[in-house]
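The values are calculated or read from the model by the stated rules, or taken from the named source; none is laboratory data. These figures come from a predicted structure and were not determined experimentally. Here the Cβ is made from the backbone with ideal geometry for all residues, glycine too, and neighbour counts use every protein chain on show. Heads up: the accessible areas ignore ligands, DNA and RNA and are worked out on the full protein's heavy atoms, side chains in. Shrake-Rupley method; radii C 1.70, N 1.55, O 1.52, S 1.80 Å.
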Amino acid sequence: MSFAEKITGLLARPNQQDPIGPEQPWYLKYGSRLLGIVAAFFAILFGLWNVFSIITLSVSCLVAGIIQMVAGFVVMLLEAPCCFVCFEQVNVIADKVDSKPLYFRAGLYIAMAIPPIILCFGLASLFGSGLIFGTGVVYGMMALGKKASREDMAAAATSPTQMAGSQAGGQMQMGGDQHITLMEDPDVWRPT
């Protein structure tokens, strides 16, 4: 058993379908889950640090710490439900969120990470919520999907209507004597 198989075995959940899809590489699938677990741990830890700022009578940092800790617990619940074996409904909630598209999870993580940073701007809230924000960005990038191949991008770049010098009123003018050329085949570049 290779090291990669051991890591994926540790991070996979039992009876889990592949919500991300086969087009994503294994290191991105399980790396995002691992980043979420680490982010949740540090968010809880630094949220607790912000809660202790009540000593300096900073109520906004207290509220930011509480929000950051709740966000850390939510991320931990969704990324590693095995940590909450004493609660019966955790797997149901995690499976429900796993069945949603990846951009839902990305938006949720980003939305949970922003309020603590706004309420109490400091290293503790910036680092703890910043890791959750980074996890949301990784899920957002995975939701965008793979980059198209060179041939697909070249085909999308060529169009039958070319711009004819100027635009009138925001409309694209049709060229009268324009030729379509293919980027891949230099033999087509000669005029007919």
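Could you check region 76-94 and list, in sequence order, the residues that are over 22 Å from Gly134 (Cα atoms) and either in a helix (DSSP H, G or I) or not aliphatic (A, V, I, L, M) (or both)?
Matches in region 76-94: Cys82, Phe84, Cys86, Phe87, Glu88, Gln89, Val90, Asn91, Val92, Ile93.
Quick grid of which residues meet (1) at pLDDT 90 or above; (2) open to solvent by 70 Å² or more (accessible area, probe 1.4 Å); (3) over 23 Å from the mean Cα position of the chain (by Cα):
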residue	(1), (2), (3)
Leu62	yes, no, yes
Ile66	yes, yes, yes
Ala71	yes, no, no
Glu79	yes, no, no
Phe84	no, no, yes
Pro101	yes, no, no
Leu108	yes, no, no
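Looking at (1) assigned to a helix (DSSP H, G or I); (2) over 28 Å from Leu144 (Cα atoms), which one does Val97 not meet, given that it meets all the others?
It is condition (2) that Val97 fails.
With the structure loaded, tell me whether Tyr139 is touching a helix residue (DSSP H, G or I) at 6+ places or on another chain (Cβ under 7 Å), on the phi < 0 side of the Ramachandran plot and open to solvent by 80 Å² or more (accessible area, probe 1.4 Å) or whether it fails that test.
no
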